[in-house]
1. Most exposed first by the Cβ proxy, i.e. fewest other Cβ within 10 Å, how do 482, 180, 610 rank?
2. Could you give the length gained by full extension between residue 110 and residue 90, i.e. 0.36 nm per residue of separation minus their alpha carbon distance, to one decimal place?
3. For 319, 564, which order do you get if you count the other beta carbons within 10 Å of each Cβ and list the fewest first?
4. For the chain, what relative contact order do you get, as a whole percent, if you take Cα pairs closer than 8 Å and at least 6 residues apart?
5. Over 26 Å between Cα atoms: which of 180/420; 293/320; 320/424; 304/409; 56/320; 191/482 fall into that group?
6. From the square roots a ≥ b ≥ c of the eigenvalues of the alpha-carbon gyration tensor of the chain, which class results: rounded (a/c under 1.5), prolate (a/b over b/c), or oblate?
7. Of 638, 607, 676, which is farthest on the positive side of the dipole of the stretch 590-676, counting Cα position, with +1 on Lys and Arg Cβ, -1 on Asp and Glu Cβ, and the Cα centre as origin?
8. Describe numerically, in nm with one decimal, the distance between label points set 7 Å from Cα along Cα→Cβ at residue 656 and at residue 178.
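Laboratory data are not the source of any read-out in this text; all were calculated from the coordinates shown. Everything numeric in this text was worked out from a predicted model, so none of it was measured. Here the Cβ is made from the backbone with ideal geometry for all residues, glycine too, and neighbour counts use every protein chain on show.
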Amino acid sequence: MDAMPATTTATAALTSRTDATEKFGDENFFPLSEYAPIGGFQWKGKDVLISDQCGKGYAKRYYQTRSLVQYALLFIVGLATFYKADDTRVRTAGLSLLFPGAGFVAVCTFPSIFALLLTLASVPLVLFMWFGCGGLAFPISLWLGSSLAATFLVRDTVFESAGVVVTAWCLLGLAYITWKTQVANRNARTKRDERNAFLMNAVQENQVNAQAPPAPGSREADERTLRFVQWILEMGLAPKDDFSYHDVIDQFQTSAIRYQLYQGVYELAGFQNNYCPNFHGYLSQAERGLVEKSMTRPVMNFWKWESLLGKFTLDWDPIKEDNIMVSGYILLAVALYQITTRDDRYSTKGSMEFVVTENCRYKYDLPSIADAVFRNMDQNPYSMYPCEPNWIYTLCNLVGMGGLVASDKVLGNDYGDRLKDRFKAALTTEFSNVDGTILPIRSEITGFTIPGLAGAISDAMPSVYCGPYLPHLAHRHWALMKKENLHWTEDGRLELINLVGADNLDPGNYKSGRGYVTLAIAGVASEFGDYEIRDELLRQIDEEDYPVYETRTGALKNKGLSTISQASALRSRLGAHGDWIRLLKEGPPDHCFRAPILDHVPFPDVLVAKAYSHDGESVELVLYNGRGSGRFTLGFKNMEQGKMYRLGTETAVADSMGEASFSVIINGRTAVWLEPVSQ
């Protein structure tokens, strides 16, 4: 390659934390490049450093301590019952309190030993089911069921040494976990210091080297990229009962259809904001189709089962309490739709109906969903709230906070500002490791996390979603990813390194592969103006790992990618420096909404690559024929009544509704202007 790879350049420039302090001074204000929109303001350089308060949250300590005290009480009561009771069934039940299956040790027969092994083998599966759908009923059933089975199998005598054996197992297990935790924390403190030694200079370098986005109104999608957009449009325009564009596996975890739908809205909104603010038509219709399908029974019915198995309730309202994987995500989707179109239909009271079952329908709207998301965050001691019952997913809460930021813009609320200090503190103290790595998950009721779930993915989402809200965290995690997960080889190839856990899995179809994490990093690189990294990762996806093919409709798709990965790819295919922040906090310029709006376009006969008003009166259009070339009718709205407009060689007068139609010949790339005509 002619230019030195970005990561190589950054590595060569790294100095110690002391050197950084000397270079930038005690206050460490970052000088901004000519265009540095990530966050939209300056902050003290030391803010990107990892605090020594990481991982020291009060809420998690409280719930962890409570859980340990509760277990200690069970332990004491169980042992006391085993040694003090006379009835063998009571003694066996008492020992069963120490852990699932412990009572089988007291029985100590061949059937009971087999039952013990079966119970222990079931523990990982049951914990996965608890984690996967919030089903607290599963571990309770295993523990209670194994206890009852042991009391059924016990005879007139018990194995008297069972108390000692089980106690030894428990104490050794707790000692091992404690030792591993101490070692991990010690290593994390070392890693934190190593990270802080390069973070300030790395962030500074990223800012200086970031490439500016194209000027507003200058972007135009090429035909190849439009074909990728076409596939997502087809998904949004499909009937509500058509799920042929989706990975239909389960509705509980990351492959759930709802995530595919929400991601489609986010990416189409980004396309509309940057390329086509003066085109609604089938683009806005597709966004609405994705939103409305996400509220249908096949998508929402999962909450009935999660409520039953995880919360033991018959109240299946999917918005009122918990379930940020619906409330937070759809809040962001609908807010983005309103930002890019100024269509406030979803702000009308009761305009959004969530169908959990045919008899359980819950009506909400954008304001009431925003109220619910704020209330849940405000009242939860963690300042975040669960997805699945009892499990708080950090990354889902970042999406929810993005929803509050976007909805604050269209509704005039200040929810984001009111939560900001607490949310920032929670990310640092409750949901970060000592080394500053954001934890994907924490149990709300126990305070404990599941280690090793993901690495780079846990850095990718904060790098984008924190940008409009907590920019110092966005910059921090992008700098960490570039240093720790990306490596340029001598032959100019970019490799992903140090991936763990779910990094090696496509969350949309659970297939092994690095497609999703590759696209996630490409999207972050695009957001930070590092187009060299973005383009290389996209090249690997399209040319090597997930070859592009043409569907029967002419749309383009990557073979083997899940639907959510396919949608996510649009962020890097279409994006530029700071796009996500501008989408949430700015939206299209006001003058675009004063100009005519292209609203009636045949799909997929005509693909719109650009629709932008530079002056609030005329509209620049770039169109492609989606099938064969020919003459097509285009309809516009939002025109000045009685005024004459010209599109190409045709003129028309806007009717009393401010609408007019024109016909235009489209053959390949066709650039035309809609302009008012002086009469």
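1. 180, 610, 482
2. Values: separation 20, 0.36 × 20 = 7.20 nm, distance 2.06 nm.
Gain in length upon complete extension: 5.1 nm.
3. Working: 319 23, 564 26.
The order, fewest Cβ neighbours first, is 319, 564.
4. Values: 1268 pairs, mean separation 107.7, N = 679.
Relative contact order, the chain: 16 percent.
5. Numbers: 180/420 34 Å; 293/320 20 Å; 320/424 24 Å; 304/409 32 Å; 56/320 30 Å; 191/482 16 Å.
The pairs that break the limit, which is 26 Å between Cα atoms, are 180/420; 304/409; 56/320.
6. Working: a/c = 2.28, a/b = 1.67, b/c = 1.37.
It is prolate, given that a/c is not under 1.5 and a/b is the larger ratio.
7. The one lying farthest along the dipole's positive direction is 607.
8. 8.4
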